[in-house]
Amino acid sequence: MQSTSTVTLPQRLRAPDPGWTTRADVVVIGSGIAGLTAALRIHAEDSSLSLLVVTKDVLNAGSTQWAQGGIAAALGPGDTPEQHLHDTLVAGAGACDEEAVRVLVTEGPDAVRELIDLGTVFDHHPDGELSLTREGGHHRDRIAHAGGDATGAEIQRALIAAVERAPAIEVIQHALAVDLLRSDDGGVAGVTLHVLGEGQRDGVGAVHCRAVVLASGGLGQVFSQSTNPSVSTGDGMALALRAGATLRDLEFVQFHPTVMYLGPDSQGQQPLISEAVRGEGAFLVDWECARFMQGQHELADLAPRDVVAKAITRRMIESGRPHMWLDARHLGAAFWERRFPTILAVCREHGIDPVTDLIPVAPAQHYASGGVATDLDGRSDVPGLYATGEVACSGVHGANRLASNSLLEGLVFSRRIAAVLPGELRPWADPVTADPRPDGLVAGDRRRPLQELMTTRVGVLRSADGIGAALDGLSGLGVDGRDVPGVDGWETTNLLSLSTALAGAALLREETRGSHWREDFPERDDVAWAGHVDSRLVDGVLRQDFVAAPSTDPSTPTAEQR
């Protein structure tokens, strides 16, 4: 099945010619757990390679820093990788790559132990045992956490400290990746950056390199409300799309069920109430204080995120209420202060004391399960371009990510990239001197209407009419030759390209599966729709193909088993 849109997207961003150049064997774009792990492990594999880490803001400004719940791995008594595999496949609703999930869960425990050896301080019980908790979709306590609810910040601290101890790894902060420089064979020859710096590296420049590792995070700013930081504008995914890479399963956008509701006009990054709060005993109630998750799923309030988000949304629609409530009052002040100090402080900043008050919650965009299609070693289909973490679609998340698998994915697959990359580096190649592909740019002031279109038409609830209206609206926000290049315009152009691809994939998939909820096709259909939607840019026109693949959900019998 194939869909080719009539919308022409920019094949490269309109930008000034590079005003400076430099060289590095490998450029890593992104400084979260995926990017810094890739850089450290590549350096450990071959210290002769020159490495450059590029980050859009400062080193600790990405999504890793904001991860509250923890990192999942089969580390506890009685737990096994097979059990973790089963929970991940069930949450993924039949769309996972089982081989990729097996890699994740079998290599995960050693990868977490390596984080500990690096200096990450996880929480422990008084007897010295690692403290593990449970989150939605897990049948075991397997979530390692740090600082109660500051796991990402602790992991980020340890990784940054390790990079600072490795002077051979150069870091450029405040640098936006603009476009890939390609050689005559279409492979990697370098990357252009825009740096807000001083001296020689200021403005647009070019880094000639032999490989690029994308670890640039997700696309949360496609939507009006997201738990993602403001830097999450999908730059890596859009760069890869323009370079000829395949983006897979963009329609699978996870909406976290328990994001603090700040009012109908709230925009940008929203406060997340970690699933770990429910793992410790909190529960959802409606405006009549009824526990509506009872009977919805065997795990009730700890069901997979797509199940909980849909249940909240249904109850909001039925009741005409703008949000539901999370009740964690029974946990008590001492427990809140010890286990969730960060969430407690954020709630109180917004006038809610979870020790005595119900917390208003509603679903909001949280995670992109799709991204740059990769193999088990992080390779994309562009020679020399690798991807890891949220920017990638490794196949481990399927249609709905299992809680706390995201940090683990970045960790495990960055290690795998580092294991193969030094031995397969491309020879140095000159970039194409006269790139014939047309450029384009979208004005930065079109970001807000774009976000409103995507939120209202391609958010939690989707239909053909709504998605079609979104695509029509997006086409009206297109490229304008009068726009002046700059960060705001480049980011908005990236958002428009990804929004168009996301909406197109959502329209093509005529079923409800995981985090993709079609009101006009409310049932999952493994006969017609078990598989993936691949998006590519062909001569500036978006081509989207459905690629059939067997369902990998162990809770659903196959045709042979029926």
**Message:** Based on C-alpha coordinates, I'd like the Rg and Dmax of the stretch 1-107, in Å.
**Reply:** 19.9, 58
**Asked** DSSP beta bridges in the chain, what fraction antiparallel, as a percent rounded to 5?
**Response** 65
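Residues with beta-carbon under 12 Å from that of Leu302, excluding Leu302: net charge, scoring Lys, Arg +1 and Asp, Glu -1? Walk me through the intermediate numbers first.
Details: positive: Arg134, Arg140, Arg278, Arg305; negative: Asp87, Glu135, Asp141, Glu275, Glu280, Glu298, Asp301.
Here the count lands on -3.
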**Complete:** Placing one equal point scatterer on each C-alpha of the stretch 398-472 and summing with Debye, one gets log10 I(q)/I(0) at q = 0.14, 0.26 Å⁻¹ equal to -0.96, -1.13
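Under 8 Å for C-alpha pairs, at least 6 residues apart: give me the relative contact order for the chain, rounded to a whole percent. Could you put the intermediate results ahead of the total?
On the way: 1364 pairs, mean separation 133.2, N = 562.
Relative contact order for the chain comes out at 24 percent.
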**Message:** For q values of 0.13, 0.16, 0.17, 0.24 Å⁻¹, compute log₁₀ I(q)/I(0) with the Debye formula on a Cα-only model of the stretch 141-222, without solvent.
**Reply:** -0.65, -0.89, -0.96, -1.22
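In nm², what is the average projected area of the convex hull enclosing the Cα atoms of the stretch 42-92?
The Cα convex hull of the stretch 42-92, projected and averaged over all directions, gives 6.5 nm².
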**Message:** Using a 1.4 Å probe on the protein heavy atoms, what percent of the accessible area of the chain belongs to carbon and sulfur?
**Reply:** 50
**Message:** Hydropathy at least 0.0 by Kyte-Doolittle, axial extent at least 30 angstrom from the Cα trace: which helices of the chain, defined as entire DSSP H runs, fit?
**Reply:** 487-508
**Request:** Give a residue-ordered list of calculated ³J(HN,Hα) values for the stretch 124-141 (Karplus: 6.51 cos²θ - 1.76 cosθ + 1.60, θ = phi - 60°; whole Hz; x for Gly, Pro).
**Result:** 10, 6, x, 7, x, 6, 4, 7, 10, 10, 10, 10, x, x, 8, 9, 9, 6
**Fill in**
So, over other residues within a Cβ distance under 12 Å of Pro522, counting Lys, Arg +1 and Asp, Glu -1, the net charge is 0
**Item:** Whole-number D in µm²/s for the stretch 168-262 (Stokes-Einstein; Kirkwood sum over Cα pairs; 37 °C, 0.692 mPa s)
**Value:** 213
**Item:** For the chain: span of alpha carbons on each principal axis (Å, largest first)
**Value:** 65, 55, 54
**Message:** Please report the net charge: other residues with Cβ closer than 15 Å to the Cβ of Asn60, K and R +1, D and E -1.
**Reply:** -1
**Message:** When only alpha-carbon atoms are used, what values of Rg and Dmax, in angstrom, describe the stretch 356-439?
**Reply:** 18.1, 65
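What is the Cα radius of gyration of the stretch 74-183 over 2.2 N^0.38 Å, N being its residue count?
Values: Rg = 17.5 Å, N = 110, 2.2 N^0.38 = 13.1 Å.
It is 1.34.
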**Item:** Rough spin-label spacing in nm, given labels placed 7 Å along Cα→Cβ, for Ser230 and Arg338
**Value:** 3.8
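Taking the convex hull of the alpha carbon atoms in the stretch 125-183, what volume per residue do you get, in Å³? Intermediate results must be reported in sequence, preceding the final value.
On the way: hull volume 12.5 nm³, N = 59.
Convex hull volume per residue, Cα atoms: 212 Å³.
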**Prompt:** What Rg and what Dmax come out for the stretch 282-413 when only alpha-carbon atoms are used, in angstroms?
**Reply:** 18.5, 57
**Asked** In deg cm²/dmol and to the nearest 500, what is the mean residue ellipticity at 222 nm of the chain if only DSSP H runs of at least 4 residues count, each as -39500 (n - 2.57), divided by the residue total?
**Response** -9000 deg cm²/dmol
**Item:** Listed residues Asn60, Thr21, His86: farthest to the positive end of the dipole of the stretch 14-100 (Cβ charges)
**Value:** Thr21
**Mean accessible surface per residue for the chain, computed with a 1.4 Å probe while every protein chain stays in place, in Å²** = 36
**Asked** At 4 °C and 1.567 mPa s, what whole-number value in µm²/s does Stokes-Einstein give for the translational diffusion of the stretch 327-475, with Rh from the Kirkwood sum over Cα pairs?
**Response** 64
**³J(HN,Hα) computed for each position of the stretch 15-29 - Karplus, 6.51 cos²θ - 1.76 cosθ + 1.60, integer Hz, glycine/proline x** = 8, x, 4, x, x, 8, 9, 8, 9, 7, 4, 10, 10, 9, 9
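The values are calculated or read from the model by the stated rules, or taken from the named source; none is laboratory data. What you see is a predicted model, and the numbers here were worked out from it, not measured in a lab. As a convention, Cβ positions derive from the backbone with ideal geometry for all residues, glycine included, and neighbour counts pool all protein chains shown. Accessible surface areas use protein heavy atoms only, side chains included; no ligands, DNA or RNA. Shrake-Rupley method; radii C 1.70, N 1.55, O 1.52, S 1.80 Å.
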